[in-house]
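Shown next, in structure tokens, is the structure this report addresses.
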Amino acid sequence: MSFMQDNQLRSLDIDEFIYGTVKNKHLETVEQLVKLVQLKYPMPEQRIMERILHLQNQGKLTLKEYPALLPPTLKGYLLSARAAWYWIILTLAATTTTLVFIIPEDAYPLIYARYMLGSIFVLWLPGYTLIKALFPTKELDNIERTAISIGMSLVLVPIAGLLLNCTPWGIRTAPITLSLLALTLTLATAAIVRERQA
């Protein structure tokens with residue numbers, strides 16, 4: 001038997017042991033699982049983690065966040081590193097809105113910053129916050145989330161424009177910018193609340 005075949009058989013044995021251990025024992029942390037695997041198979045922790053992640057990628061294991069590690073309040077959650085995306089979205093939306101009202105149309109080369117941030121603001125942020133609100137946990141990978149976000153933005157922005165057209169404000173730069181800002185902030189806030197509860 002070659003070294004490669006022996007290594008594959010060993011990996012299968014480890015995978016079966018990990019799967020059986022998780023199924024039969026109520027473990028609270030991955031660290032406990034790693035220690036149990038190290039008792040049976042003396043190997044580096046990194047290799048065991050690779051096998052655990054491999055099983056998770058195959059859908060045979062589901063690793064969940066340990067509830068005790070979550071901040072107890074929404075305010076604590078907003079100040080944690082997990083809410084960094086929320087603050088990035090708010091910063092992008094606020095910066096873009098500010099640039100739209102401050103930078104005039106003929107201010108070259110500053111207008112390019114407005115165009116770049118405006119593209120993100122219109123083509124990605126509304127859809128991203130909607131998808132984040134609908135799927136607060138990591139059910140979608142980053143590529144899927146980005147693609148669906150662009151698609152949903154292409155749906156939400158025309159709907160916002162259509163609704164604005166029925167109001168006295170009409171479809172102009174200021175109303176559309178403020179309505180997209182309000183939509184993005186509302187959806188981002190709903191998403192962070194749902195993410196905290198998930």
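Quick rundown of the values:
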item: Positions within region 20-33 being modelled with pLDDT of 80 or more, exposed (fewer than 15 other Cβ atoms within 10 Å of the Cβ) and over 25 Å from Glu195 (Cβ atoms), in sequence order; result: Gly20, Gln32
item: Of all residues making up region 103-157, the number that are within 14 Å of the chain's Cα centre (by Cα) and of a type in the set (A, V, I, L, M, F, W, C); result: 11
item: Only one of Leu164, Leu183 that is surrounded by 15 or more Cβ atoms within 10 Å (Cβ to Cβ) and closer than 12 Å to Pro126 by Cβ; result: Leu183
item: Helices (runs of 4 or more DSSP H) (entirely within region 15-120) containing at least 2 residues that are touching a residue at least 24 places away in the same chain (Cβ under 8 Å) and among the β-branched types (Val, Ile, Thr); result: 45-57, 84-102
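The values are calculated or read from the model by the stated rules, or taken from the named source; none is laboratory data. Please read all numbers here as calculations on a predicted model, not as lab measurements. FYI the Cβ positions are ideal-geometry reconstructions off the backbone, even for glycines, and counts take in every protein chain you see.
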